[in-house]
Amino acid sequence: MNQTEFVADLKREGYDVFYGGLRAGQVNPDHTHDFSARIMVIGGEISIARDGKMETFGVGDSCAVTAGELHAEHAGAQGVAYIAGRRAV
């Protein structure tokens, strides 16, 4: 799926779309959101820790975090830029 298709899919599923990122090496420790989130990496990489497992996503990869899901975010050495969607529950 390319960026245009990802954004169209987010909108079709009722997500608010925005662009964001994290600085090189930035860590957002364990937390939850009161919304469901989906991201597509457009630069750098991000690792998401959840359920005792760390999963890394690079350019072109996407992932989802459901509302209330405990997770941590770890930006790679170059930081990360992404397209994100948020949908209230």
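The values are calculated or read from the model by the stated rules, or taken from the named source; none is laboratory data. The shown structure was predicted, so the numbers you read here are calculated from the model rather than taken from an experiment. Counting neighbours? That spans all protein chains shown, and the Cβs are built from the backbone with ideal geometry, glycine included. Side chains are part of the model used for accessible areas, which takes the heavy atoms of the whole protein and leaves out ligands, DNA and RNA. Shrake-Rupley method; radii C 1.70, N 1.55, O 1.52, S 1.80 Å.
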- Task: Could you grab me the full set of residues in the range 55-87 that are under 9 Å from the mean Cα position of the chain (by Cα) and in contact (Cβ under 8 Å) with a residue 40 or more places away in the chain?
- Result: Ser62, Glu73, Tyr82, Ile83, Ala84, Gly85
- Message: Against the condition within 19 Å of Ala8 (Cα to Cα) and in a strand (DSSP E or B), how does Ile42 come out, does it pass?
- Response: yes
- Query: What is the residue count in the range 11-65 for residues that are open to solvent by 30 Å² or more (accessible area, probe 1.4 Å), touching a His at 6+ places or on another chain (Cβ under 8 Å) and of a type in the set (Ser, Thr, Tyr)?
  - Reply: 1
- Which of the residues belonging to the range 20-39 are assigned to a strand (DSSP E or B) and either under 13 Å from Ala72 (Cβ atoms) or out of contact with any Phe, Trp or Tyr (no Cβ under 7 Å at 6 or more places or on another chain) (or both)? Leu22, Val27, Asn28, Pro29, Asp30, His31, Phe35, Ser36, Ala37
- Counted residues in the range 45-54 being in a strand (DSSP E or B) and either of a type in the set (Phe, Trp, Tyr) or over 12 Å from the mean Cα position of the chain (by Cα) (or both) come to 3
- Task: Please find, within the range 69-89, the residue that is modelled with the highest pLDDT out of those that are outside any strand (DSSP E or B) and open to solvent by 50 Å² or more (accessible area, probe 1.4 Å).
- Result: Leu70
